[in-house]
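Single-structure report; data block below.
The values are calculated or read from the model by the stated rules, or taken from the named source; none is laboratory data. Worth saying up front: this structure is predicted, and the values here are computed from it rather than measured. So basically every Cβ, Gly included, is an ideal-geometry build from the backbone, and we count neighbours across all protein chains shown.
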Amino acid sequence: MTFRTRLDELKAAGLLRRRRLAGTPCGPEMLIDGRPVLSFASNDYLGLATHPCLIDAATRGLSDWGVGAGASEFLGGHFRPNRDLEAKLADFVGAQKALHFATGFMANIGIVPALMQRGDAIFADKLNHASLIDAVRLSYAFNHRYPHCDLGVLEGQLSANRAKQRLILTDAVFSMDGDIAPLPHLLELAERYDAWLLIDDAHGFGVLGPQGRGTAAHFGLKPGGRLIVMGTLGKAAGVAGAFVAGDAEVIDWLEQSARTAIYTTGAPPALTFALAESLRIIETGDDLREELNALIARLRAGLQPICDRSGWRLPASMTAIQPVIIGGNEATLKVADALLERGIWAPAIRPPTVPDGQARLRISLTASHGEMQVDELIAALTEIAP
Ligand SMILES: *Cc1c(COP(=O)(O)O)cnc(C)c1O
């Protein structure tokens, strides 16, 4: 089969993806493919990607540290801003130690194979992010997948398992559904069955928990013991990068063995420098989180009647990720196109990113949106819905 036929098949199934061209910086109002749109597509939950304080910090970072790191972190590319950021991150999430990575995808595919090897066993939620799925493959460990947040099935799998090392792996906030994993119960299972629990907090860090300390903090938990927390710095933190935090013993081991932290050029020090400012804004940003939460409540109140009428489904998400499940691929694309005709961009998400028959609009809100903009989206969907 040629790649052309495969491409044609994707197209026929309504699964061809297209990267729309952004002609302006990330924000609620953008030029997309040359047209002004109101965007509900970004994960810049606190509006930090273009925050003046962060731009200032990055500019200072550039003038103090230059652009590139020049080498991997073990060969001279580990700069003071990188080291300081790791200490600040550990402190912020309440862990003994943290290790920084260039991106969240790199973090996951480095951490999991470093923790688990051939003969070990991984227990993974079926709705985990693609990077965690690939991470499991790279580890060569046995892969047991459990139905989304199904603790009963997970416990059955754990109790039947005899592997020496075990790891439970889950998104903390699920990236396409917006729901929150039951971390206290998962940790309890991890402790009872002598397993590690690694949570991917890409969508909780900065927005959930006191001062935005993340989903673990939301439940009163801290990294340490059996709990290892990975978080990303390109979403709410507004920059780029990721980290893993936990007990010093675990992080020391990851520093020695996570290949995506060892065999890659160090992160640009200007960015790790800027991230210190990002952490400061997150920590003092209760007002931003309050604005975001008010918008989430407003959007859900507006969407519920539309869904009740049309047969669309609004899952129980309390986070900034608000999916509207429409079902079919073509039907979902049609709704997204109709929105775009009205100047509104909420991306259509189709399989394999989500299960078959669960194509959806993925609406994401940020603190930079205004109430009127949310109302505009609700009004447009009211017109479009069957
Ligand atoms: C975005 C995301 C990642 C990848 O993080 P990047 O820093 O964008 O590479 C990993 N896990 C989840 C759940 C995500 O949503």
Residue pairs meeting the criteria (Cβ under 8 Å; at least 6 apart or on separate chains; first touching a residue at least 60 places away in the same chain (Cβ under 8 Å), in the stretch 175-203; second of a type in the set (D, E)): D200/D171; A202/D171; H203/D171
Across (1) more than 25 Å from L275 (Cα to Cα); (2) in a loop (DSSP other than H, G, I, E, B); (3) in contact with a helix residue (DSSP H, G or I) (Cβ under 6 Å, 6 or more places away or on another chain); (4) of a type in the set (A, V, I, L, M), M176 clears everything bar (3)
Being touching a residue at least 12 places away in the same chain (Cβ under 8 Å), surrounded by 13 or more Cβ atoms within 10 Å (Cβ to Cβ) and of a type outside the set (A, V, I, L, M) is the filter here; which residues of the stretch 1-32 pass it? G14, R20, C26, G27, P28
Would you check which residues across the stretch 172-184 are crowded, with 23+ Cβ neighbours inside 10 Å and touching a Gly at 6+ places or on another chain (Cβ under 9 Å) and list them? A172, V173
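Quick one: count up the residues across the stretch 209-241 that are under 14 Å from D171 (Cα atoms) and either more than 9 Å from the ligand (Cβ to nearest atom) or more than 13 Å from the chain's Cα centre (by Cα) (or both).
Of the residues in the stretch 209-241, 7 are under 14 Å from D171 (Cα atoms) and either more than 9 Å from the ligand (Cβ to nearest atom) or more than 13 Å from the chain's Cα centre (by Cα) (or both).
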The stretch 268-306, residues that are under 19 Å from the mean Cα position of the chain (by Cα) and closer than 30 Å to I326 by Cα: R289, L292, N293, I296
All-but-one check, L132 against (1) out of contact with any helix residue (DSSP H, G or I) (no Cβ under 6 Å at 6 or more places or on another chain); (2) of a type outside the set (V, I, T); (3) under 26 Å from T319 (Cα atoms), failing number (1)
Looking for whichever is surrounded by fewer than 21 Cβ atoms within 10 Å (Cβ to Cβ) and away from the ligand (no atom under 15 Å from the Cβ) here; the options are L167, L187. Which one fits? L187
Which condition number does I326 fail, the rest of (1) on the phi > 0 side of the Ramachandran plot; (2) in contact with a Ser or Thr (Cβ under 6 Å, 6 or more places away or on another chain) being met? (1)
Can you find a residue in the stretch 254-264 that is of a type in the set (D, E, K, R), under 30 Å from A160 (Cα atoms) and more than 15 Å from the ligand (Cβ to nearest atom)? no
What do you reckon, is L198 surrounded by 23 or more Cβ atoms within 10 Å (Cβ to Cβ), within 16 Å of the ligand (Cβ to nearest atom), in the same structural domain as D177 (by TED's automatic domain parsing) and under 19 Å from T50 (Cβ atoms)? no
Regarding the stretch 216-233, can at least one residue be identified that is more than 23 Å from L158 (Cα to Cα), modelled with pLDDT of 95 or more and among the hydroxyl-bearing types (S, T, Y)? yes
